[in-house]
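**Q** I'd like to ask you about the structure that follows.
Bear in mind that the values in this text are calculations on the coordinates, not laboratory data. Computed from a predicted model, the values in this text were never measured in an experiment. We place every Cβ from the backbone using ideal geometry, glycine too, and count neighbours over all the protein chains shown.
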Amino acid sequence: METRKLQEVGGGTFTVSIPKGWATNHGFEVGMQLQLYTHRDGSILIRSSNADVDCLDEATVEIDGGGTEAVTRAARTAHAVGFETITLRRAGGFSDAERKAVQSTVRDLVGTNILSESDAEITIRHLLDTSSVSVCQSIVQLQYVVGSLLRDATTAFVDAADTHARVRDRADEARRSAEMVTRHFSRSLVSHAELDALGVSRPELFAYYALAHRLETVADQAVRIATTGEELPEPPADKVATDMHSVADDIAGAVDNAVTAVLDRDMTKAQRARSQCDDAVEDIEAVERRLYDESVGSVPVAVALSNALSHLQRAADCGHYMADTAARTTIRAENIDI
C-alpha cells in the first residue's frame, strides 16, 4: 500500500497524485477524463470508463436446444445475475411452448415484463428501480413466511392433510423474495452504485443474501414435508405428532431469532437460535431411534416419517448456518465501524 498527501491547489480544489506505474499499467494518460464515484461508505472509485454504470444494462443469451427448460433457466439465470434487459435468442425461432414458458417465468419474476418478441428473439426488461427496493424488508417478509410455513407443513403432515397446493403457493412467495435479494447481491458484486441505491453496506448485503438462500431452502423443505404427508395412509401416533410439532417449533423459532439477530446485531438471539436448532436435532434423533426400537405404525407411516425427519434435519442445518451468520454479523458490527 502506498500513501499520498492530500494537497490544495488554486480555487480550493483538493488533489492527490496517482502512482505513475499504476496509471501506466491501467492505460491512464495525461489529459484523460476520469470518472469519480463517491459512495456512502466514504470511498471514492476512479474509472476511465462508465463500466460501473452500464455493465449490467443488457445481456443476450443464445439458446441452443433444451426446450422449455432451457429458456426458463436462461431467463432466471440472467435475471439473477442482475441484467436490466435480457434478450433470449434462438437461431431457429422459439416454439409456442417455449414462448409460454418464458411468459410464465417472467410473470414469476418480481418487477419484470416482456418488452418485445419476434420469431427468434424475446426481450425481457426489469422495471423495478433499485432505490425503491428494501432488501431488509424482503428478509423480514421471508422471516415470517418461512417460520409459519414450516409449522403449517408439519401440521399438514401429522394430520395427513392434503394442503400441498397451499403450502406450495406460500413457498413460491418466499422463493420470489429470495430471488430478489440474490439479484441485488449479484449486481453489487460489479456495481458500487447498487449498494448506494440499496442503502446498505457490503457486509450487510452479504448477510442478507446468506439468510435469503437458507430461508429459501427451509421453505423448500417445508414443501417436501407437506408432500410427504400426502403419502401417509393414516396420521402418525400422537406421541410422534407431538414430537414433530416440537421440532418444527424449535426450527421456526431459530429462524426467527437468527434473522432478528442479524437485523438487530443481537448476540443473545444468535446464541438462542443455535440452542433451538440443537434441541431440534436432539428431538429428531430421538424420534429416529424410536423408528427402529418401537412400533410407530405401519411401514408406509414409518417410511413417510423417516423422510419428513430428513427434511426437518435439513431445515435445522439451515438454522445452524443462519445462527452462525448472525454471530459473525454481530461480532463484526461490534468491532468494525461499517
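**Q** Taking 4 °C and 1.567 mPa s as the conditions, I'd like the Stokes-Einstein D for region 7-52 in µm²/s, using the Kirkwood hydrodynamic radius from alpha carbon pairs.
**A** Details: Rh = 12.4 Å.
The calculation lands on 105 µm²/s.
**Q** Still on this structure: In a GNM of the chain with a 10 Å cut-off on Cα contacts, which of TYR144, TYR37, TYR292 has the highest mean-square fluctuation?
**A** Checking each option, the largest mean-square fluctuation is seen for TYR292.
**Q** Same structure again: Hey, with R₀ at 56 Å, roughly what FRET efficiency would GLN271 and ASP119 work out to, going by the Cβ-Cβ distance, to 0.05?
**A** 0.40
**Q** Separate question: Normalised by the number of residues in the chain, what is the relative contact order in percent for Cα pairs under 8 Å and 6+ residues apart?
**A** So the answer I get is 15 percent.
**Q** Applying a 10 Å radius around every beta-carbon, put 256-265, 3-12, 79-88 in order of their mean neighbour count, most first.
**A** Values: 256-265: 22.9, 3-12: 7.3, 79-88: 20.1.
So the order, starting with the most tightly packed, is 256-265, 79-88, 3-12.
**Q** Which value, in debye to the nearest 20, gives the size of the charge dipole of the chain about its Cα centre, when Lys and Arg are +1 and Asp and Glu are -1 at the Cβ?
**A** Charge dipole, the chain, about its Cα centre: 980 debye, nearest 20.
**Q** Now a separate question. If you plug each phi of region 2-12 into the Karplus form 6.51 cos²θ - 1.76 cosθ + 1.60 with θ = phi - 60°, what whole-Hz ³J(HN,Hα) values come out, in order, with x for Gly and Pro?
**A** So the J values, rounded to whole Hz, are 9, 10, 9, 8, 7, 10, 10, 10, x, x, x.
**Q** Which is farthest toward the positive dipole end of region 58-126 among HIS126, THR85, GLY65, measuring Cα position about the Cα centre, with Cβ charges +1 (Lys, Arg) and -1 (Asp, Glu)?
**A** My answer, from the dipole projection, is HIS126.
**Q** At a Förster distance of 35 Å, what's the computed FRET efficiency of ALA286 paired with GLN141, Cβ-Cβ distance as r, to 0.05?
**A** Using R0 = 35 Å, I get an efficiency of 0.55.
**Q** Then there is this: So for the chain, taking the charge dipole from beta-carbon charges (+1 Lys/Arg, -1 Asp/Glu), which of ASN25, GLY319, SER246 sits furthest toward the positive end?
**A** Of ASN25, GLY319, SER246, it is ASN25.
**Q** Moving to a separate point now. Applying 1/(1 + (r/R0)^6) with R0 = 35 Å to the Cβ-Cβ distance of HIS245 and SER134, what FRET efficiency is obtained, to the nearest 0.05?
**A** Rounded to the nearest 0.05, the efficiency is 0.60.
**Q** I've got another one for you. Over region 58-126, calculate the relative contact order: mean separation of alpha carbon pairs under 8 Å at least 6 apart, over the residue count, as a percent.
**A** Result for region 58-126 is 35 percent.
**Q** Pop out the Kirkwood hydrodynamic radius of region 225-302 from its pairwise C-alpha distances, inverse of mean 1/r, in Å to one decimal.
**A** Hydrodynamic radius (Kirkwood, Cα only) of region 225-302 equals 13.9 Å.
**Q** For GLY92, what is the net charge nearby, where nearby means another residue's Cβ is under 13 Å from its Cβ and Lys, Arg count +1, Asp, Glu -1?
**A** Every neighbour counted, the sum reads -3.
**Q** Step by step: find N for the chain, compute 2.2 N^0.38 Å, then divide the Cα radius of gyration by it. What's the final number?
**A** Ratio of Rg to 2.2 N^0.38 Å for the chain: 1.25.
**Q** Pulled fully out, how much extra length does the chain show between ILE331 and GLN7, if you take 0.36 nm times their separation in residues and subtract their Cα-Cα distance?
**A** Length gained between ILE331 and GLN7: 112.9 nm.
**Q** Here's something else I'd like to know. Distance in nm between label sites at MET32 and THR60, each 7 Å beyond Cα in the beta-carbon direction?
**A** For MET32 paired with THR60, the spin-label model returns 2.8 nm.
**Q** Alpha carbons only, please: Rg and Dmax for region 267-338, in angstrom.
**A** 17.0, 58
**Q** Restricting to Cα atoms and excluding each atom paired with itself, what does the Kirkwood estimate give for region 45-145 in Å?
**A** Across region 45-145, the inverse of the average 1/r is 14.9 Å.
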